Structure formats: structure tokens, C-alpha cells
Amino acid sequence: MRQANLPLCEEHFTWWFERRVERTLRRYSMVGPGDKVLVAVSGGKDSVSLLCALLELSEEMGFEISSITLDLGISGYSEACVEASRRVAGELGVEHHVVSIRERYGFTLDEAVRVVRRPPCSTCGLIKRYALTDLAREMGFDALATGHTLDDMARFILSSYISASLDELVRLTPSSASGLPGVPKRIKPFYETLEEHIRLYAEIRGLEYMPDGCPYAGTAPTDFLRAFLAELEARRPGSLYSMVRGYLKHIRPALQAQFGDGLRELRSCSKCGLPSSGEVCAFCRLREKVLKRLGRGGGP
Ligand code: SF4
Ligand code: ZN
């Protein structure tokens with residue numbers, strides 16, 4: 001633990017890591033006894049570690065977990081992600097669902113990337129956010145857990161500062177309730193956990209994860225900030241944590257006092273019923289456009 005100048009053996013590191021996740025779950029009231037939590041697993045180190053850590057904590061904290069993997073239809077990559085996720089869930093003994101977005105929504109990510117002018121990772125993010133919420137709602141879960149890390153949150157916060165996107169900034173919370181009946185809340189149990197520690201945890205726990213290898217990697221709008229934040233953390237260990245805690249303790253409350261929970265009020269999408277800032281949600285608009293361009297007819 002560079003920030004605490006504390007050397008830990010494997011056993012105590014694992015204990016420390018899981019206590020940290022437990023602290024995050026409790027601090028932000030992410031789960032309660034009896035809750036059903038759906039864990040989104042992509043097959044990468046963050047999500048397989050999340051599945052393992054939540055499984056460890058589920059018994060003593062009294063919640064249930066299940067897992068899901070989206071087959072995004074990225075040629076030469078998605079099959080391996082589904083396989084890696086299935087294997088880890090099987091080894092841990094956690095129920096696992098696989099849903100193909102081609103079968104459910106009528107198009108693959110590769111197809112969407114071909115026909116819309118938008119960075120692939122941004123299209124992918126929109127599809128994943130939507131599909132996971134949609135499926136968790138349909139399956140009756142109370143919460144949807146994703147593997148967003150402290151590094152991700154620091155990147156999103158910094159990127160929102162740079163573009164002065166207050167609307168986005170006010171939403172970067174560890175746990176967000178949809179406010180709509182039947183729509184599960186979204187939780188980020190690794191909100192206070194560094195990727196560096198997650199990688200170590202996955203290795204110590206012997207979790208086999210997919211190495212990075214998506215053909216679209218590097219096209220996320222915030223990617224250019226990764227190297228800068230990594231250098232900041234290396235020079236001043238603990239910086240990312242202070243940045244994210246500082247945002248939650250001081251900056252977000254000030255924004256909230258002025259703007260409430262969001263600058264644009266959320267309502268139900270008139271096509272699918274999921275949360276939307278406009279009449280029709282961003283996913284339904286994307287789906288309609290993609291299906292039309294592919295000559296496959298309208299949306300939902
Ligand atoms: Fe999706 Fe981008 Fe991740 Fe590939 S790298 S899975 S396109 S978010
Ligand atoms: Zn919609």
C-alpha cells in the first residue's frame with residue numbers, strides 16, 4: 001500500500017481489499033440484507049474481481065448475487081469475453097446469464113460502429129449501460145453492480161471539469177437510484193479501489209481474466225487522461241482517492257445545493273420506459289437509427 005507505506009502479505013492484502021469493498025458498500029448504503037444484486041461481468045480483471053469480492057461479502061452482509069455478461073458482437077473478441085466470464089462464474093459457483101445484444105436488440109456493436117458516427121467506446125458504453133439496466137429490471141434485481149474503479153471515477157470527474165459538464169459531474173456517484181419504480185439502482189463497489197490493487201487481488205485469488213484486447217480500445221472519450229492520472233498517482237500516492245473523496249464531500253454537495261440531483265430531470269422513455277432525460281432515451285434513438293441504416297426496420 002504505497003499511499004499508507006504499509007507492506008502486506010497476500011493473506012492480509014486479500015483481507016484488507018475485501019474490507020475496503022465492504023466499507024464502500026456500507027458507506028454509500030449500496031446493498032441491504034435480502035437484496036438481489038446482478039453483477040455485470042465483462043471477463044476483464046475488474047469485473048471478475050468484483051464478482052469474487054462480492055461473493056465473499058454476500059454471506060456476512062446478507063445479500064444475494066447473480067452475474068450477467070453481454071455478448072456485444074465484437075468480432076474475434078466477444079466470444080472470448082463470454083467464455084472467460086462463464087468460466088470464472090462457474091468456478092466461483094455463481095449463477096451466470098449471457099445475453100446477446102444482436103438477439104435482444106437486433107444489431108451488434110460492430111454493426112453500430114459501422115453505421116453511426118460516434119467513437120466506438122462511447123457507443124459501447126451507451127449500449128452496455130442501457131442493456132444491463134434493462135435486463136436487471138426484467139429479471140427483478142434490486143441493484144446492478146458494475147466494475148467501475150477509483151481510476152475510472154477520477155478520470156470521469158476530471159473530464160467533466162475540463163468540459164465543464166456539470167450535468168455529468170453531478171451524476172458521478174457511487175450509487176444511483178433510478179427514481180423510477182422497478183428500475184434497479186446502479187452501484188459501483190470499486191468506487192474507492194485502485195485498479196492496481198484489483199489486478200493484484202485477481203492474481204492472488206487466481207482469477208483467470210481476459211487481457212485487454214478489444215479492437216476498439218483507446219477510443220473512449222476520456223482515454224487521453226489515463227496516462228496523466230497514472231503519473232499523478234505514481235508521484236503522489238493517494239491522489240486519486242483524495243480527488244474522488246473531495247468531489248463527493250465538497251464539490252458534489254455544492255452542485256447539488258444549486259442544481260439538485262441533475263440539471264436535466266429524468267423521466268421514463270416513451271418507447272421503453274427506462275430513465276431518460278428526453279422524451280425518447282438515447283439508446284432507443286440509437287437503436288432506431290442503426291436498424292434503419294441496416295435496413296432492419298424500426299425500434300422497440
Ligand atoms: Fe466497449 Fe470500448 Fe471496452 Fe471495447 S474497449 S469493450 S468498445 S468500451
Ligand atoms: Zn428508451
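The values are calculated or read from the model by the stated rules, or taken from the named source; none is laboratory data. None of the values given here were measured: they were computed from a predicted structure. Glycine also receives a Cβ, built like all others from the backbone with ideal geometry; neighbour counts cover every protein chain displayed.
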Quiz item: Would segment 183-205 turn up any residue that is acidic (Asp, Glu) and at pLDDT below 90?
Solution: no
Exercise. Would you kindly identify the helices (runs of 4 or more DSSP H) lying entirely within segment 125-207 that contain at least 2 residues that are surrounded by 17 or more Cβ atoms within 10 Å (Cβ to Cβ) and at negative phi?
Key: 150-162, 195-204
Exercise. Output the residue which, of all residues in segment 92-131 that are hydrophobic (A, V, I, L, M, F, W, C) and touching a Lys or Arg at 6+ places or on another chain (Cβ under 8 Å), is nearest to residue 223 (Cα to Cα).
Key: 116
Exercise. State which residue is farthest from residue 191 (Cα to Cα) when the search covers only segment 48-82 and only residues that are more than 15 Å from the chain's Cα centre (by Cα) and of a type in the set (S, T, N, Q).
Key: 75
Quiz item: Which of the residues spanning segment 131-147 are touching a residue at least 40 places away in the same chain (Cβ under 8 Å), over 17 Å from residue 85 (Cβ atoms) and of a type outside the set (A, V, I, L, M, F, W, C)?
Solution: 133, 134, 137, 140, 142
Quiz item: When only residues in segment 281-300 that are of a type in the set (A, V, I, L, M) and surrounded by fewer than 16 Cβ atoms within 10 Å (Cβ to Cβ) count, which is nearest to ligand 1 (Cβ to nearest atom)?
Solution: 282
Exercise. Would you mind listing the helices (runs of 4 or more DSSP H) fully within segment 52-118 where at least 1 residues are within 16 Å of ligand 2 (Cβ to nearest atom) and surrounded by 14 or more Cβ atoms within 10 Å (Cβ to Cβ)?
Key: 101-105, 109-115
Quiz prompt | Residue that is farthest from residue 168 (Cα to Cα), among those in segment 266-291 that are more than 10 Å from ligand 2 (Cβ to nearest atom) and at pLDDT 95 or above | solution = 291
Quiz item: Within segment 137-156, which residues are among the hydrophobic types (A, V, I, L, M, F, W, C) and more than 15 Å from residue 188 (Cα to Cα)?
Solution: 139, 141
Exercise. Kindly indicate which of 98, 82, 39, 21 is among the β-branched types (Val, Ile, Thr) and touching a Pro at 6+ places or on another chain (Cβ under 6 Å).
Key: 21
